[in-house]
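Since the structure comes first, as structure tokens, the remarks are kept for the end.
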Amino acid sequence: MSKRNLALAGATFVSLIYGVTFTVAKDVMPQFVQPYGFILMRVGGSALLFWMVWFSFIIQNPEANEKIDKADFPSIILAAFSGVALNMLTFFKGLSYTSPISAAVIMVTTPIIVLLLSALIMKEKMQKQKVFGIFLGLFGTAFLIVYGNKAIRNASNESLGNLLVFINAVSYGFYLIIVKKLMNKYNAFTFVKWIYLFGFLMVLPFGFNEFQAVDWANVPNLIYWKIAFVIVFSTFFTYLLNLLSMRELKPTTVAVFIYLQPVFATIFAIGLGKDELNYVKIVAAILIFIGVYLVTKKKII
């Protein structure tokens, strides 16, 4: 299998994990762990894994120990803020208010956001077809945010939750562009451990009190396993696979695989009876999918 195909397979696996995560994380919070307390566990646990793996790798391969230029630390700190702190704080808080399917559908706007940021930051030329796709996708998101709360169960504050998840999508899109530049210069483990260390320090003030408030004695064993799933698979493996995929793929291509998340999330959530489809979600999803299709498709002759 070619490196590109491996990268595509990795990106697909990431979408599958994220699709399942929408429902798994919803089972954990806010009943057993409040959102910010969960984030502290997620980021802290993943940071520990990244540093442990890096130390283990360097002990066996000391010649592979790369030094980061001081000039690149501002980019790493910005990546920690956009890809870890703001990304997770808004996503988990939003997911605690909204439903799994709504959150997954909104995340589909990330490829559109990445294209916009690429044009603004990397000065990439945008075609009219892609501009139309951007506005169509954003209209679908706005439609879901404004009207999605009228026909939804399993959501305490749908509009606010959807808005927070949308902010998460913007933040993640910005993160993809930042780390692409770092990937061109360093091995993934060289800087991702720093991203998560800085990210942990950023989320610590928000999650410390909620982490302390967890009543561990009354947390079922199944919830412990779901917390472990989010830390190990939904964070450690997904962030690593995304970074490795970006060695072979453009940020927009990596972001495009997010469109698979609503499919996986819908199948998983409905299969467990934890969510339901309605016309608002269907219409919004159609608009967003068409927008993403126009953004990612080559120019139509």
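The values are calculated or read from the model by the stated rules, or taken from the named source; none is laboratory data. Note that the structure is predicted; figures quoted are calculated from it, not measured. Using ideal geometry, Cβ is built from the backbone for each residue, glycine included, and neighbour counts are taken over all protein chains shown. Heavy atoms of the whole protein, side chains included, go into the accessibility calculation; ligands, DNA and RNA do not. Shrake-Rupley method; radii C 1.70, N 1.55, O 1.52, S 1.80 Å.
Observations
So that you can scan it fast, the table gives a plain yes or no per residue for (1) modelled with pLDDT of 80 or more; (2) farther than 17 Å from I167 by Cβ; (3) of a type in the set (K, R):
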{"position": "Q60", "(1), (2), (3)": "yes, yes, no"}
{"position": "D69", "(1), (2), (3)": "yes, yes, no"}
{"position": "L78", "(1), (2), (3)": "yes, no, no"}
{"position": "V84", "(1), (2), (3)": "yes, no, no"}
{"position": "T98", "(1), (2), (3)": "no, no, no"}
{"position": "I101", "(1), (2), (3)": "no, yes, no"}
{"position": "G133", "(1), (2), (3)": "no, yes, no"}
{"position": "I152", "(1), (2), (3)": "no, yes, no"}
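- Number of the exception - S56 against (1) of a type in the set (G, A, S); (2) under 16 Å from the mean Cα position of the chain (by Cα); (3) open to solvent by 50 Å² or more (accessible area, probe 1.4 Å): (2)
- Meets criteria (closer than 19 Å to S245 by Cα, without any contact (Cβ under 8 Å) to a residue 60 or more places away in the chain and not hydrophobic (A, V, I, L, M, F, W, C)) for N65: no
- In segment 1-55, residue farthest from R247 (Cα to Cα) [restricted to those that are in contact (Cβ under 8 Å) with a residue 12 or more places away in the chain and part of a loop (DSSP other than H, G, I, E, B)]: F32
- Evaluated against (1) open to solvent by 30 Å² or more (accessible area, probe 1.4 Å); (2) out of contact with any Ser or Thr (no Cβ under 7 Å at 6 or more places or on another chain), Y97 falls short on exactly one condition, (2).
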